[in-house]
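Only one structure is covered here, and it is reproduced in the block below.
The values are calculated or read from the model by the stated rules, or taken from the named source; none is laboratory data. Keep in mind that what you see is a predicted model, and the values were worked out from it rather than measured. Ideal geometry is used to build each Cβ from the backbone, glycine not excepted, and the neighbour counts take in all protein chains shown. In case anyone asks, the SASA skips ligands and DNA or RNA and just uses the protein heavy atoms, side chains included. Shrake-Rupley method; radii C 1.70, N 1.55, O 1.52, S 1.80 Å.
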Amino acid sequence: MFTDKGPSSRRQQPPLKPDEKQVLRKKVKKFLERRYVAPYQGRISSLIKYFAVPKGIIDGEVQDWRTVFHAGANKLNDVVWAPSFGLPTVNSLLRITDLLSLMGDRDVEEMFLNFQLHSDAMKYTGIDVGPLEFTPEECASRWVCWNRNLMGFRPSPYNSIRMFLIAEEVIRGDRHDPSNPLQWNCVLLNLPGTRKYNPSIAWISKRRTDGSLASDFVTFVDDLRLAAQGPERVKELGHTVSTKQAYLGIQDALRKLRAAGGTKRPGAWAGSSVCVEDDKGLVVLTSQEKWDRLKTICRHWLECITRGENMLDFKRLRSDRGFLVYVTPVSYTHLTLPTILL
């Protein structure tokens, strides 16, 4: 949705440093080969700037580079609107796991670039590839346009995640089909205060016809966490997710696959780590770094309140609130502020 007229800035790409140019040439060439960017059939109204940012510096040596296409530089982000939206939390994962669960991971390759950019926005996303010095065979035009949801464009997260939620419905298939690994028959309510309440079971869970917990998965942007009872069910679930993603044209980064049959300790997901401990049950953990930052934030605002400050830094307050929502797993929800500071 456009809130105003689209931008009209068509300034050429500034000169690039030799090492930056080498990285960008390789990256943009891949986008050209995969048709993520292509010559535009019409008049390009605006150009966006792009640059490379070092990522993963070890001993002063750059391990990798991140390519940034800055849709804010040409004011495109200022004239488009995208709604806010929620993301799954660790609570979403806890609803599909129990003491018998094994978990596995799947990653969506190039999450944003799997989904088409709206045609009304394409003419404002031109990039000047002249400084990259492509041959006519590599790129026949100096100016090309994006046709996929590019990183740095404000609506890209919302549009891509919305489309993947539609894909999830296709992946899940018919819940009544007994051959479907994601089959489930009923919803079990295990609510606090009821006579049969069991604290080791999720409050709400989907159950198979045999009464066992249904196999399921949750997605945090491009990270899928699979959960099922037994290695065979995990493999069947992973196969279904991968093949249906491929059918829909969504890339599955199988090179990142670990423990195809599932594991009790799959690692971090959505800022927390859920694991199954034989002697403790389901355990939710966070990293020491995040825990230390959490205490620092709580200590700062407690000091502000103690001093009786009336004017609070809204920008920092909003940033800290976002971090607290992201990092605080379900196991800390009953803790008070002084307890966290210990």
**Fill in**
Selection from region 217-265 of residues in contact (Cβ under 8 Å) with a residue 24 or more places away in the chain, farther than 16 Å from Met111 by Cα and of a type in the set (Val, Ile, Thr) yields Val234, Thr240, Thr263
**Prompt:** Quick one: would you say Ser101 is of a type in the set (Ser, Thr, Tyr) and more than 17 Å from Phe220 (Cβ to Cβ)?
**Reply:** yes
**Fill in**
Listed by first then second residue, the pairs whose first member lies in region 102-131 and is on the phi < 0 side of the Ramachandran plot, whose partner is of a type in the set (Lys, Arg) and outside any helix (DSSP H, G or I), with beta carbons under 6 Å and at least 6 positions apart or on separate chains, are Leu113/Arg148; Leu117/Arg148; Gly130/Arg142
**Item:** Criterion: over 30 Å from the mean Cα position of the chain (by Cα) and of a type in the set (D, E, K, R) - qualifying residue of Lys29, Lys17
**Value:** Lys17
**Request:** Identify all residues within region 245-268 that are part of a loop (DSSP other than H, G, I, E, B) and open to solvent by 60 Å² or more (accessible area, probe 1.4 Å); write none if there are none.
**Result:** Leu248, Leu257, Arg258, Lys264, Arg265
**Prompt:** With respect to the numbered conditions (1) part of a loop (DSSP other than H, G, I, E, B); (2) over 19 Å from Ser156 (Cα atoms); (3) in contact with a Gly (Cβ under 8 Å, 6 or more places away or on another chain), which one is the sole condition not fulfilled by Arg43?
**Reply:** (3)
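If I ask for residues that are surrounded by 12 or more Cβ atoms within 10 Å (Cβ to Cβ) and not β-branched (Val, Ile, Thr), which ones from region 190-208 would you list?
Matches in region 190-208: Asn190, Tyr197, Ala202, Trp203, Ser205, Lys206, Arg207, Arg208.
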**Request:** Go through (1) over 26 Å from Gly249 (Cα atoms); (2) surrounded by 12 or more Cβ atoms within 10 Å (Cβ to Cβ); (3) free of Cβ contacts under 8 Å to residues at least 40 places away in the same chain one by one and return the number of the condition Arg66 breaks.
**Result:** (1)
**Request:** Output the residue which, of all residues in region 10-25 that are open to solvent by less than 40 Å² (accessible area, probe 1.4 Å) and in a loop (DSSP other than H, G, I, E, B), is modelled with the highest pLDDT.
**Result:** Gln13
**Prompt:** If you scan region 206-249, which residues turn out to be under 17 Å from Leu188 (Cα atoms), in contact with a strand residue (DSSP E or B) (Cβ under 7 Å, 6 or more places away or on another chain) and not aliphatic (A, V, I, L, M)?
**Reply:** Lys206, Arg207, Ser212, Ser215, Asp216, Gln229
**Message:** Scan region 209-226 and tell me whether some residue there is open to solvent by less than 50 Å² (accessible area, probe 1.4 Å), touching a Cys at 6+ places or on another chain (Cβ under 8 Å) and not in a loop (DSSP other than H, G, I, E, B).
**Reply:** no
**Request:** Go through region 132-155 residue by residue and tally those that are at positive phi and among the aliphatic types (A, V, I, L, M).
**Result:** 0
**Request:** Output the residues belonging to region 276-296 that are surrounded by 11 or more Cβ atoms within 10 Å (Cβ to Cβ) and acidic (Asp, Glu).
**Result:** Glu277
